[in-house]
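For reference, the structure is listed below as structure tokens.
Each value in this text was obtained by applying a stated rule to the coordinates, not by laboratory testing. Everything numeric in this text was worked out from a predicted model, so none of it was measured.
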Amino acid sequence: MHTERLSIEPLSVDHAASLFVALDDERVGRYIGGPDVDSVEGVAARIERVDTGPGPGHDEQWLNWAVLLEGTVIGRVEATLRSVGCGTRMAEIAYIFGPRWWGHGYATEATLWMIAHLRLAHGTQQSWATVDPANMASIGLLLRLGFDPTQPPDFGLGSFDAGDLVFVRHHSGRDESNALVQE
């Protein structure tokens, strides 16, 4: 799967070492409660855990992708899909990139791809995201992608921490197909 500048692959343990290299920077954990990764083994264990999906009795699907620039892993994007009533399918999204690649639009490009993919391939009608209020770069990314600030939904969000800002993007009527260069 490709965008204009990026390759996007289902996240696998094969990405662990290169994802560790991309995210091994104290700035990565600034707004998420600490480092995202602490070792290659830790990254591999996290990938194995998300690859198994939610436990029994959970009506959700976990999707995770590695984002590559010219063959180098630069970050990841992820979504948790759920049905929230009245036939509404939603995605709770997240993204994390290494600081070396901040400020170049890669997170915007990969996240836009993910939103389009989720709508077209999985039938999502809404995407939700939570952000630490001090993370101005992430807030800017969500606003550029057409997310609106809102209150936490009644159905709850798995990534919500007290004090987080909540954003939603409704997909109906949007043409996101340009984000999908090649599936």
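How high is the relative contact order of the chain? Use alpha-carbon pairs under 8 Å, at least six apart in sequence, and give a whole percent. Mind dumping the intermediate values first?
On the way: 312 pairs, mean separation 40.2, N = 183.
About 22 percent, as a whole number.
Size descriptor for the chain, Kirkwood hydrodynamic radius: 16.7 Å (Cα pairs only, one decimal).
Residue separation of GLU26 and ASP148 scaled by 0.36 nm, minus their Cα-Cα distance, works out to 41.0 nm of gained length.
Working out 0.36 nm times the residue gap between VAL84 and HIS58, then minus their Cα-Cα distance, what length gain in nm do you get to one decimal?
Working: separation 26, 0.36 × 26 = 9.36 nm, distance 1.25 nm.
8.1 nm is the gain from fully extending VAL84 to HIS58.
Can you give the helix-only mean residue ellipticity at 222 nm for the chain, where every DSSP H stretch with n ≥ 4 adds -39500 (n - 2.57) and the sum goes over all residues, rounded to the nearest 500 deg cm²/dmol? Provide the component values of the computation, followed by the final result.
On the way: 4 runs with 47 residues, N = 183.
Taken over the chain, the calculation gives -8000 deg cm²/dmol.
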